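The values are calculated or read from the model by the stated rules, or taken from the named source; none is laboratory data. Note that the coordinates shown come from a computational prediction; the quantities given were computed from them, not determined experimentally. Glycine also receives a Cβ, built like all others from the backbone with ideal geometry; neighbour counts cover every protein chain displayed.
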Amino acid sequence: MSLPQPDGYLAMPLDANAIQAKAEIADAASFVRERSGHGDKGLAVIGFSLGAYYALELAAADPEHVRSVVLFYGTGGGDFSSSRAAYLGHFADNDEYEPQASVDGLEEALRRAGRQVTFHRSTRAGHWFFESDRAQAYNQAAATLAWDRTLAFLQRS
């Protein structure tokens, strides 16, 4: 039995190390860009849950190098006016960690910033629906559909 967690519960352990985490993510993106042989095309970034926050942050902080962002059941706030990325999001209507208001707010903020954005909401899935190692949450139909949409999005963007 899992107990309900307060808002922001997933982010609490990383709050103290957020600056270090952002720096490490930026370094990793730079490493991939330099070694990919296709750095001029830009990076695609995928973030799951709390990782979505960092994907959003990277796209805003490094707009010349991030061309696509895919989010799985995670949001974040911020100023997206400098971002040049296209955004795809996969969310669950039944998500105890990511309120629908947060998803709607992020979608609106990205649109206000002039970004291409497509968000999908699964009505029969919850948080972590993509993660097969979480038997209580995994939803194969939702995960397969999200992955197919992700591949199509990445081929277009």
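Here is how the numbers come out for the structure above:
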item	result
Scan of the stretch 111-126 for residues that are surrounded by 19 or more Cβ atoms within 10 Å (Cβ to Cβ) and touching a helix residue (DSSP H, G or I) at 6+ places or on another chain (Cβ under 9 Å), ordered by number	117, 122, 125
Yes/no for residue 93 being surrounded by fewer than 19 Cβ atoms within 10 Å (Cβ to Cβ), over 19 Å from residue 55 (Cβ atoms) and of a type outside the set (A, V, I, L, M)	yes
Residue under evaluation residue 141, criteria (1) closer than 14 Å to residue 72 by Cβ; (2) surrounded by fewer than 16 Cβ atoms within 10 Å (Cβ to Cβ); (3) without any contact (Cβ under 8 Å) to a residue 24 or more places away in the chain, criterion not met	(1)
Residue identified as surrounded by 13 or more Cβ atoms within 10 Å (Cβ to Cβ), closer than 24 Å to residue 121 by Cα, touching a Gly at 6+ places or on another chain (Cβ under 6 Å) and not aromatic (Phe, Trp, Tyr) among 106, 88, 71, 58	71
Positions within the stretch 1-52 being among the β-branched types (Val, Ile, Thr) and at pLDDT below 80, in sequence order	19
Cβ pairs under 8 Å, 6+ apart, first in the stretch 31-48 and more than 26 Å from residue 76 (Cα to Cα) and surrounded by fewer than 15 Cβ atoms within 10 Å (Cβ to Cβ), second modelled with pLDDT under 80 and among the small types (Gly, Ala, Ser)	none
All positions within the stretch 14-52 that are closer than 25 Å to residue 98 by Cβ and either touching a Ser or Thr at 6+ places or on another chain (Cβ under 7 Å) or outside any helix (DSSP H, G or I) (or both)	16, 17, 43, 44, 45, 46, 47, 48, 49, 52
Cβ pairs under 9 Å, 6+ apart, first in the stretch 116-129 and under 16 Å from residue 104 (Cα atoms) and modelled with pLDDT under 95, second surrounded by fewer than 21 Cβ atoms within 10 Å (Cβ to Cβ) and among the charged types (D, E, K, R)	122/93; 123/93
